Amino acid sequence: MSSKPFASSADLAAKDQTLEVLAEGVYALTAEGDPNLGAIEGEDFVVCFEALATPVAARRWLAMLREHTDKPVKYLVLSHYHAVRVLGASAFDAEVIVAHEQTKVLIAERGEQDWASEYGRMPRLFDQPESIPGLTWPTATFSDRFTIDLGGERGELVLQHLGRGHTAGDIVAWLPKQKILFAGDLVEAQAALYTGDAFHRDWSGATLDGIAALGAEQLVGGRGAVAQGAGAVSAAIEQTRGFLTTMIDEVGSVQARGGTLKEAFEATHAALSPQFGKWPIFEHCLPFDVARLWEELAGTDWPTIWTAERDREIWARLQD
Ligand SMILES: [Zn+2]
């Protein structure tokens, strides 16, 4: 394999951002494979979903949102702990920052290391990194479910943890009345999966089953286009599951026959490339994905912390 630029360090072209109105007062921002965001209007407040990598990047999204509503942001919901989803939080001036209790644990344990790691992997997403005031700390956490009454006839927004998946603490935001789901990085629609902090077996089984059972008719994944219609929602969920089960099969069989991590990477790359190879961040993610799955299948339940140094070491072993 030829030498490849580290992770997404050579990806410098700006992506077009598109704000879509999914229903009255329900907004999604997609960006050609860059991290997606959402917002849900209540009667007299707004709930924002995800915060991007820096306050400067987040303020650009807020300026687009402000063309539709000027209600204050009462809740900022963080689907999980990753830096490119949370470090822009200060721009929202939210009354409450909501996340899963394990997200708070992960920020305390590895937030600093993850910040350095993600900055090294995806520098383009960190627009004016000096605008980040520090780590983002949730001010309200929960274990299973957190319900926000939107007021009037708007119904409820239900935040749910459906099991371990992309991280130990992912949550989804579900609008039962509108049948719209913000799935965070638990579902990707035509973008590769990052699984470097994942629990692949839980994710590909009960967690995705729980997402499918909600019966969403529109789904905003972590990256990629909004899935429109029950068929597209189901396809996005099953693409995500297929990526995971292919990884589990390939890495598992190499490990079972006493092969090496490098062999597992090559087998997984070959198996996934035909369907997923052209999708955003596929080459970037796969070495970290396989390294995590390798340790998970070998019995390490809690993911090893990614540091900028470990990133480079794994990349050199697998992708160079
Ligand atoms: Zn993530």
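The values are calculated or read from the model by the stated rules, or taken from the named source; none is laboratory data. A quick note: this is a predicted structure, and the numbers were derived from the prediction, not measured. Backbone-built Cβ (ideal geometry, glycine too); neighbour counts: all protein chains shown. Surface areas here come from the heavy atoms of the whole protein model, side chains and all, with no ligands, DNA or RNA. Shrake-Rupley method; radii C 1.70, N 1.55, O 1.52, S 1.80 Å.
Among the conditions (1) surrounded by fewer than 24 Cβ atoms within 10 Å (Cβ to Cβ); (2) more than 26 Å from Gly25 (Cβ to Cβ), the only one that Leu150 does not satisfy is (2).
Out of the range 126-146, which residues are open to solvent by less than 30 Å² (accessible area, probe 1.4 Å) and outside any strand (DSSP E or B)? Lay out the reasoning, then the answer.
Within the range 126-146, the first condition is being open to solvent by less than 30 Å² (accessible area, probe 1.4 Å), and the residues that meet it are 126, 132, 134, 136, 138, 140, 142.
Once the filter is applied, which keeps residues that are open to solvent by less than 30 Å² (accessible area, probe 1.4 Å) and outside any strand (DSSP E or B), the range 126-146 yields Phe126, Ile132, Gly134, Thr136, Pro138.
Glu67 fulfils the conditions (1) part of a helix (DSSP H, G or I); (2) over 16 Å from Ala51 (Cβ atoms) except for a single criterion, (1).
Scanning the range 228-256 for residues that are free of Cβ contacts under 8 Å to residues at least 40 places away in the same chain and in contact with a helix residue (DSSP H, G or I) (Cβ under 6 Å, 6 or more places away or on another chain) yields Arg241, Thr246, Glu250, Val254. One residue stands out in the range 167-194 among those that are modelled with pLDDT of 95 or more, open to solvent by 10 Å² or more (accessible area, probe 1.4 Å) and more than 13 Å from the ligand (Cβ to nearest atom): the one that is nearest to the chain's Cα centre (by Cα), namely Trp174. Would you confirm whether or not the range 93-116 contains a residue that is surrounded by fewer than 21 Cβ atoms within 10 Å (Cβ to Cβ) and without any contact (Cβ under 8 Å) to a residue 12 or more places away in the chain? The answer is yes, given that some residue of the range 93-116 is surrounded by fewer than 21 Cβ atoms within 10 Å (Cβ to Cβ) and without any contact (Cβ under 8 Å) to a residue 12 or more places away in the chain. Would you call Ala232 out of contact with any Gly (no Cβ under 7 Å at 6 or more places or on another chain), open to solvent by 30 Å² or more (accessible area, probe 1.4 Å), within 29 Å of Asp16 (Cβ to Cβ) and modelled with pLDDT of 95 or more? Considered against the rule, which asks whether it is out of contact with any Gly (no Cβ under 7 Å at 6 or more places or on another chain), open to solvent by 30 Å² or more (accessible area, probe 1.4 Å), within 29 Å of Asp16 (Cβ to Cβ) and modelled with pLDDT of 95 or more, Ala232 comes out as yes. Residues that are among the basic types (Lys, Arg) and part of a loop (DSSP other than H, G, I, E, B) are absent from the range 74-94. Taking each residue of the range 292-307 that is without any contact (Cβ under 8 Å) to a residue 60 or more places away in the chain and closer than 19 Å to Thr268 by Cβ and looking for partners that are open to solvent by 10 Å² or more (accessible area, probe 1.4 Å) and in a loop (DSSP other than H, G, I, E, B) with beta-carbon atoms closer than 7 Å, six or more apart or interchain, yields Glu295/Thr304.
Would you point out the residue of the range 280-305, among those that are open to solvent by 50 Å² or more (accessible area, probe 1.4 Å), of a type outside the set (A, V, I, L, M) and assigned to a loop (DSSP other than H, G, I, E, B), that is farthest from Ser8 (Cα to Cα)? Out of the qualifying residues, it is Gly299.
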